[in-house]
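Data block below; observations after.
All of the numbers you see were taken from the coordinates with simple rules; none came from a lab. This structure is a prediction, so every number in the text was calculated from the model and none was measured. Reconstructed Cβ throughout: ideal geometry from the backbone, glycine too, with neighbour counts over all protein chains shown.
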Amino acid sequence: MKDYTQEFDKFLAMLNNNENFGYARFSDGEINLLKSMKVVLHDTGFICGDDVGHGRYPAEEGKDVDPEKHPHVIAKLHDCLKARKPNYFKGLACNEDNDVCKDDNILLYQQEICGGDEEHQTFANLFINANYPRFMNEMLPVLQRKKDIVFVCNKNADVSKIGLNVVKRFDIGNNCIVNDFELPAKINEWIKENDIKNKVFLISASTLTNFIVHDCFMEHPENTYIDIGSSLNPWMGLEGWMYSRAYLQHWVLGKLNKYGVQEDTWS
């Protein structure tokens, strides 16, 4: 059994103690790809397998992954979830997310792919939803005061207003899962060539984030790699969060919804 609050405490302590780790999130988008569903997000709607609907997804939120055209993406994601290494943590979607993942046993589904290694399984929503104020008030200040940051984010993002010491930036474009598939290898090469150690990589790059965290931590565990999702997007000049991130709508815009107070449970 894992506790939503205690797990946050664990990662905060690792940051404070300069203990390097990798943390990648497997949330609803990753679940759909793991199930080999076609996933498309565009400016007026979405396609998710056989489910087609309306929505608003600006360019930085855009996605177009077809398992038949991009089987290497699906295979790579499975590899990331199966992988094991000390301090390589996999954030899993829990049963509270079954309304978006369309699966009442979503945690068990991911655990079966993991094939064990529960010690390194944690919550996909660890830094958002009910823990989001703690991320902003407790974890972000540690990153601001104590860490050299390597930022991986959309090319249109402005990271200058977050108060971080960004020593290097890697940009992604739209539909980065497909179009920037080679970026993890490029980042690894940069780390090797420049003997990069004890830096914190903050990564906001859709499912490509999973690949970056996995590949870089497996080869260079002397740094920390954190999947931050869209948690800082309101301060990066991006707008997609306003339409598709309910927890940010709750905390930033004051629009009350369940995600703003959701505490995930492990069962």
Which listed residue (ALA83, PRO58, HIS70) has the Cα farthest towards the positive end of the charge dipole for the chain, taking +1 on Lys and Arg C-beta and -1 on Asp and Glu C-beta about the Cα centre? PRO58
Using the Cα centre as the reference, give the magnitude of the dipole from point charges on the C-beta atoms of the stretch 93-133 (Lys, Arg: +1; Asp, Glu: -1; all else neutral), rounded to the nearest 20 debye. 160 debye
Run through the stretch 1-106 and list the chymotrypsin sites (Phe, Trp or Tyr not before Pro) located in a DSSP loop whose Cβ has at most 16 other Cβ atoms within 10 Å. none
All other residues with a Cβ under 15 Å from the Cβ of VAL142 taken together, and with Lys, Arg as +1 and Asp, Glu as -1, what is their net charge? +2
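Run the numbers on the stretch 225-264 and let me know its relative contact order in percent, using alpha-carbon pairs under 8 Å that are six or more apart. Working shown, then result.
On the way: 25 pairs, mean separation 10.0, N = 40.
Here the relative contact order equals 25 percent.
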Per 5 Å bin, what percent of the C-alpha pairs of the chain does each bin hold, from zero upward? 1, 6, 13, 18, 21, 20, 14, 6, 1, 0
Would you kindly state how much longer the chain becomes between HIS78 and MET136 on full extension, computed as 0.36 nm times their sequence separation minus their alpha carbon distance, in nm to one decimal? 17.8 nm
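For ASP117 and ASP195, what is the calculated FRET efficiency with R₀ set at 35 Å and r taken between the beta-carbons, to the nearest 0.05?
Values: r = 30 Å, r/R0 = 0.86.
FRET efficiency, ASP117 to ASP195: 0.70.
I need the trypsin sites (Lys or Arg not before Pro) found in the stretch 175-232, filtered to DSSP loop residues with at most 16 other beta carbons within 10 Å of theirs.
On the way: sites: LYS186, LYS192, LYS197, LYS199; in loops: LYS197, LYS199.
Qualifying residues, ordered by number: LYS197.
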In nm, to one decimal, how far is the modelled label at LYS35 from the one at ASP3, with both set 7 Å along Cα→Cβ? 3.3 nm
Distance between the stretch 1-76 and the stretch 180-231 - C-alpha centres, whole angstrom: 16 Å
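Full extension from ARG56 to ALA185: what is 0.36 nm times the residue separation minus their Cα-Cα distance, to one decimal in nm? List each step's numbers first, then the result.
Values: separation 129, 0.36 × 129 = 46.44 nm, distance 3.19 nm.
Extending this stretch completely gives an extra 43.2 nm.
Hey, what did the stretch 1-144 get for relative contact order, percent, Cα under 8 Å, at least 6 apart? Show your work: numbers first, answer last.
Numbers: 186 pairs, mean separation 38.3, N = 144.
Relative contact order comes out at 27 percent.
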Which of the peptides 259-265, 149-155 is most tightly packed, and how do the rest follow, judged by the mean count of other Cβ atoms within 10 Å per residue? 149-155, 259-265
Which Rg and Dmax, in Å, describe the Cα atoms of the stretch 70-200? 17.0, 46
In whole percent, what relative contact order does the chain give with Cα contacts below 8 Å and a gap of six or more residues? 24 percent
Length added when fully stretched, VAL261-LYS102, from 0.36 nm per residue minus Cα-Cα: 55.2 nm
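Sort 160-172, 90-102 for me by packing, meaning the mean count of neighbouring Cβ atoms within 10 Å per residue, highest on top.
Numbers: 160-172: 14.9, 90-102: 20.8.
The packing order, highest mean first, is 90-102, 160-172.
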Any idea what the dipole of the chain comes to, in debye rounded to 20, about its Cα centre with Lys/Arg Cβ at +1 and Asp/Glu Cβ at -1? 740 debye
